[in-house]
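All remarks here apply to the structure that follows.
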Amino acid sequence: EKERTATAIRWYAPLIVPALLQTEDYAQAILSSTFGITPEEVAQQVAEWLQRQDILARDKPPELRVILDEPVLHRVIGGRHSMAEQVRHLIEAAEEPTTTIVVIPADAGAHEGLSGEFEVVDAEGRLDFGFAETAFGGQPVAEADSVALLNRKWTTLSSEATSRKASSIRAFEAL
């Protein structure tokens, strides 16, 4: 719901491609790795994840700003063909005028984002809202101080990332 009304989304992903940018094969491979999940549940969740991406195709999509840790580009999920398709999808998405994808190089070493994935959602007339990924799934972050902390983390991580052009080159090299 928060993403549907968003004017801007900032997402940091240290382990996998964010759901808003996943291909169907990639999403299926991620969800299929869940212990005890049935093929029917995988199919349903993949459909839900892909439906979330509709916000990027609307007339006024939110600004999407993504920071990936470089290992995300090299972790082969769903096989080499699936991963190549996923990386090509990221490169194409980064060409959209409202989407920015940058990469923190693997040789950057320790940085503030190693504590985990998070997303900050902005909507007109509302305070920022966040999500922090945990072993239990996405946990909402609504307290102003906690959202401010996520915003500070985002700013710090932005300074660790390469430029948009250099990030596209890193993604292309991952193919």
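The values are calculated or read from the model by the stated rules, or taken from the named source; none is laboratory data. Everything numeric in this text was worked out from a predicted model, so none of it was measured. Cβ sites come from the backbone with ideal geometry, for glycine too, and all protein chains shown count toward neighbours. Note: accessible area is taken over every heavy atom of the protein model, side chains too, but ligands, DNA and RNA are not part of it. Shrake-Rupley method; radii C 1.70, N 1.55, O 1.52, S 1.80 Å.
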Those residues of the stretch 129-175 which are acidic (Asp, Glu), modelled with pLDDT of 85 or more and in contact with a Leu (Cβ under 9 Å, 6 or more places away or on another chain), in sequence order: Glu133
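Anything in the stretch 147-170 that is under 15 Å from Thr99 (Cα atoms), of a type outside the set (S, T, N, Q) and touching a residue at least 24 places away in the same chain (Cβ under 8 Å)? List them, or say none. Outline the logic, then answer.
Of the stretch 147-170, the ones under 15 Å from Thr99 (Cα atoms) are 158, 163-165, 167-168.
Still in the list and also of a type outside the set (S, T, N, Q): 164-165.
Result: Arg164, single match.
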Criterion violated by Asp122 - all others in (1) without any contact (Cβ under 8 Å) to a residue 40 or more places away in the chain; (2) surrounded by 14 or more Cβ atoms within 10 Å (Cβ to Cβ); (3) charged (D, E, K, R) satisfied: (1)
Candidates Val72, Val87 - the one that is in contact (Cβ under 8 Å) with a residue 24 or more places away in the chain, touching a strand residue (DSSP E or B) at 6+ places or on another chain (Cβ under 9 Å) and of a type in the set (A, V, I, L, M): Val72
Selection count where residues are farther than 23 Å from Glu133 by Cβ, out of contact with any strand residue (DSSP E or B) (no Cβ under 7 Å at 6 or more places or on another chain) and part of a helix (DSSP H, G or I), scope the stretch 143-175: 6
Selected residue (criterion: farthest from the chain's Cα centre (by Cα)) from residues of the stretch 64-92 that are charged (D, E, K, R) and open to solvent by 90 Å² or more (accessible area, probe 1.4 Å): Arg80
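Quick one: which residue in Glu117, Glu95 is closer than 28 Å to Arg58 by Cβ, at pLDDT 95 or above and among the acidic types (Asp, Glu)?
Matching residue, one of Glu117, Glu95: Glu117.
Within the stretch 12-30, does at least one residue satisfy the condition of being charged (D, E, K, R), in a helix (DSSP H, G or I) and either touching a strand residue (DSSP E or B) at 6+ places or on another chain (Cβ under 9 Å) or without any contact (Cβ under 8 Å) to a residue 60 or more places away in the chain (or both)?
Within the stretch 12-30, one or more residues are charged (D, E, K, R), in a helix (DSSP H, G or I) and either touching a strand residue (DSSP E or B) at 6+ places or on another chain (Cβ under 9 Å) or without any contact (Cβ under 8 Å) to a residue 60 or more places away in the chain (or both).
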Check on Lys2, in contact (Cβ under 8 Å) with a residue 24 or more places away in the chain and either in a loop (DSSP other than H, G, I, E, B) or open to solvent by 60 Å² or more (accessible area, probe 1.4 Å) (or both): yes
